[in-house]
Amino acid sequence: MINVYVLTYYDSLEENTFKTLLETSVKGIFLDIVNGKSNLELLRKYKDYINNKEIILGVTNGRNVWKADLLKIKETLNEFKDLNISISNGGPLFHLPITIEGEPLDEKLLNKLAFANEKLTELNILRELLNENKEEKAKKWIEGIYVSFGEIKEVKEKIKNLKEEDFVRTPSFEERNKIQRELLKLPLFPTTTIGSFPQTQEVRKIRALYRQGKLSKEDYETFIRGEIAKCIQIQDELGLDVLVHGEFERTDMVEFFAEKLEGIATTKNGWIISYGTRGYRPPIIYGDIKRPAPMTIKEIAFAQKLTNKPVKGMLTGPITIIAWSFVREDISNEEVAYQLALALQEEILDYEKAGIKIVQIDEPAIREKAPIKKRDWDEYFKWAVRAFRLCHSKVKPETQIHTHMCYSDFGEIINYILEMDFDVISIEAARSKGEIIKDFEKVNFDREIGLGVWDIHSPVVPSVEDMKKIVERALRVIPKEKFWINPDCGLKTRQWQEVIPALRNLVKLALILREEYK
Ligand code: GLN
Ligand code: ZN
């Protein structure tokens, strides 16, 4: 006889599904009680109907790096003494790095952490606690988990004192759009890119040398300035309208900011899979977040001095930083997002002082971070949108705020996105052949929009004709005055020999369109 078990994780089971499962002949059901908050309720409610089915409870967090409170779990499990219970981790462990061993992290932080290997040790300690009453061992394991550190009073105060107007930018988009047009004097169909330029072998090598201490900070910074200067010159020669500095100083768009902010730790070997064969090292947000010093101003201001065209300031938004990090659980994600937003707000105000006229706040992960169940979306997007607005609410009307989002099903989230109150958004359109524009038809979309007409995930250099078809389709919906032309994401994974001809075509396209639509 083969037994069948049904395993569920990441969220709670729907009541109906649970009831149905109880009526089937499955031998056992796995419920994640960490990320599935209402699974325990279900279990309580249907306790007497479970018959002899085995219930496997996911009791430790498979998606986050914090140790579990084993004594609390014991208490919870006490309630279900009459059932046939097994324990497990609350979901697959591939969301976690392998081990904390060898991580040069602060002792206090290390004491709170469990990566994949440690989650298994933890489960074993819990088993011994439950079956053999080994309390001392369990107590020792959780000793550090409630030791608080990294608290910053001043940050907490600021969050407490936030008022409704801190989330509202004035004047209205219409008014500031006029001011920005006056100031920026961009042509019809302005061209730009999303931020990064090729992270070549050489760039990586030099950074590695610098990190190993084989290259001085000065020499490293001189190298980066050299790359920025080349990048600006190339964009100027290509004839792009809004330039970027190229992000050569950034390993990764989240890790870079994590290293600059207080309250966030980064790891040496904490790799996890992002997609396909790509990996990244999520930072760990453990304390209150503060910006001890400007993070990106030096490079952007340097780039701006080299050209008469506007250079975009380039930031990673609060939700994307949260989505691609491991986040503390002693305060809400909402509060963490506002702390990040306040740090980014300071950075944007510093851009203004440095004469930067356009700032892009990337939020590629805003859709991905949304809860699995749509009924939870309103609550999530409410704070996600507010966090974004907090970043830019204090800027001058003339500062143009851009955002960028990668491929995602826009139709589903467009009403939330509109609330973010940016001036310009750049989105994917190449893979969907412009179909995405249908989503904008349904709403009253008044912002400027940069259509990603070049699919940068492919090495193919897009032709002027292909890109033109996408634009023409979109122009049936979006007025030409609001239309930007750009690739659909950053260029860091591409080669220079693809980037240059592709951008040349992109600029050519803009010139043709300017003639045709003037
Ligand atoms: N500015 C970032 C870049 O160009 C945006 C990356 C992203 O959207 N994932 O690399
Ligand atoms: Zn992107």
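Please label the shape of segment 215-259 as rounded, prolate or oblate, based on the square roots a ≥ b ≥ c of the eigenvalues of the alpha-carbon gyration tensor (a/c under 1.5 means rounded; beyond that, a/b larger than b/c means prolate, else oblate).
Taking the square roots of the gyration eigenvalues as a ≥ b ≥ c, segment 215-259 is oblate.
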Whenever you get a sec, line up Lys309, Lys396 from highest to lowest accessible area (probe 1.4 Å, protein heavy atoms).
Lys396, Lys309
Could you sort Trp271, Trp383 by their accessible area in this structure, using a 1.4 Å probe and putting the largest first?
Trp271, Trp383
Does segment 244-302 classify as rounded, prolate or oblate by the C-alpha gyration tensor (a ≥ b ≥ c root eigenvalues; a/c under 1.5 gives rounded; else a/b over b/c gives prolate, otherwise oblate)?
oblate
What Rg and what Dmax come out for segment 320-426 when only alpha-carbon atoms are used, in angstroms?
13.9, 43
Placing one equal point scatterer on each C-alpha of the chain and summing with Debye, one gets log10 I(q)/I(0) at q = 0.12 Å⁻¹ equal to -1.15
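Estimate the FRET efficiency between Leu162 and Lys260 by the formula 1/(1 + (r/R0)^6), using the beta-carbon distance for r and 22 Å for R0, to the nearest 0.05.
0.45
Going from most exposed to least, what order do Leu340, Leu93 have by accessible area with a 1.4 Å probe?
The residues order as Leu93, Leu340, largest area first.
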Using a cut-off of under 15 Å, list every residue of segment 346-382 whose amide N is near the label point 7 Å from the Cα of Thr17 along the Cα-to-beta-carbon line.
371-376
With DNA, RNA and ligands ignored, accessible area of Cys231 (1.4 Å probe; Å², nearest 10)
0 Å²
Filtered chymotrypsin sites (Phe, Trp or Tyr not before Pro), segment 41-133: DSSP coil and at most 16 other beta carbons within 10 Å
Phe80
Whichever aspartates and glutamates have a C-alpha closer than 19 Å to that of Lys214, once near sequence neighbours (fewer than 8 apart) are set aside:
Glu202, Glu249
For segment 279-362, run through the GluC sites (Glu not before Pro) and keep only the ones in DSSP coil with at most 14 other Cβ atoms within 10 Å of their Cβ.
Glu329
Taking a cut-off of 28 Å, what percent of all Cα-Cα pairs in segment 217-360 are separated by more than that?
25 percent
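Hey, can you find the accessible area per residue of the chain for me, probe 1.4 Å, expressed in square angstrom?
On a per-residue basis, the chain sits at 46 Å².
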Computed over segment 42-96: relative contact order in percent, which uses C-alpha pairs under 8 Å that are six or more apart
52 percent
Filter the cross-link list Lys19/Lys45; Lys309/Lys357; Lys357/Lys492; Lys369/Lys438; Lys72/Lys140; Lys396/Lys518 down to pairs whose alpha-carbon distance in this structure exceeds 19 Å.
Lys357/Lys492; Lys369/Lys438; Lys396/Lys518
Within segment 153-184, the residues whose backbone N lies under 18 Å from a label point placed 7 Å from the Cα of Lys482 along the Cα-to-Cβ direction are 172-182
Kirkwood calc, segment 1-134, C-alpha pairs only, radius in angstrom 15.7 Å
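The values are calculated or read from the model by the stated rules, or taken from the named source; none is laboratory data. These numbers come from a predicted model, not from an experiment. Methodologically, a virtual Cβ is constructed for each residue, glycine included, from the backbone with ideal geometry; neighbour enumeration extends over all protein chains shown. For accessibility, only protein heavy atoms count, side chains too; no ligands or nucleic acids. Shrake-Rupley method; radii C 1.70, N 1.55, O 1.52, S 1.80 Å.
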